[in-house]
Every structure is written in structure tokens, then in C-alpha cells.
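Shown next, in C-alpha cells, is the structure this report addresses.
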Amino acid sequence: MVKKIRVATVFATDSDRYSGQGVVVITPVGKLRDVVKPRGLIPQEAEVGLKMTAADFERRSTIIIPLKRSREILKGMGIRVPIRVSTSDPSTDLLDLPKLSCEQIEQFVREAGNG
């Protein structure tokens, strides 16, 4: 699930406008092995459905960081996430973002875990 960091940051940006408290939750795939994973619907999001509650996902997570910190880490890596995303379809904002390499994902997780 860690590979979805840039996607999570875009969706946290969208949800932040509702609550003002968007977060990015990082959960290693190994902690989700027992969870049913229905097929995703939107290819550009690399969506992975999980048959579990948000609370259960959070309990299994290893890192939870505020949206602001996620954006700072990505910016430091040369990836800028829009401050505002499309209110009707945040997935359109994903088309303009580069996919993270394995090395970038590892860097993000390291920095998020140290913050």
C-alpha cells in the first residue's frame, strides 16, 4: 500500500477542504495480507480496495502524518501536489503527477517516519 503515497496525498488534499485535517496513513502491505482486496476501479489511481473499516486500517498503520508534512516531503523530492484539487474528480489531478520510483517511496517513508 505504500506505493500509493502520491495518490493518498492528492485525496488527503481533497478531504482536507471538508475537515481541515487531511492525513496520509501508511500501512505496510504485510499488515494487510488477511484483508480481502476487491479489484480497483480507476487505473490512474492504482486503486486498491480493502474490505475493512478506516479505523481498522489506521490501527494497522505504521505511520500517520499530516497532509502538510506529506506535501513538504514530496516537494523536497521535486514533486509538487496542487494545493487544491478538482472538487468534482480529484483523480484528474493524478494525471499530471509523476509516479514515484521504489527509491522515492523508500525516501518518503524514511522521512515520514522521522518527522
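The values are calculated or read from the model by the stated rules, or taken from the named source; none is laboratory data. Computed from a predicted structure; not experimentally measured. Cβ coordinates were reconstructed from backbone atoms using ideal geometry, including for glycine residues, and neighbour counts include every protein chain displayed.
Quick notes on this one:
- Residue selected from the range 76-97 under the condition surrounded by 11 or more Cβ atoms within 10 Å (Cβ to Cβ) and farther than 23 Å from Arg17 by Cβ, by the criterion modelled with the highest pLDDT: Gly76
- If you filter the range 10-34 down to residues that are surrounded by fewer than 17 Cβ atoms within 10 Å (Cβ to Cβ) and assigned to a loop (DSSP other than H, G, I, E, B), you find that the one that is modelled with the highest pLDDT is Asp34.
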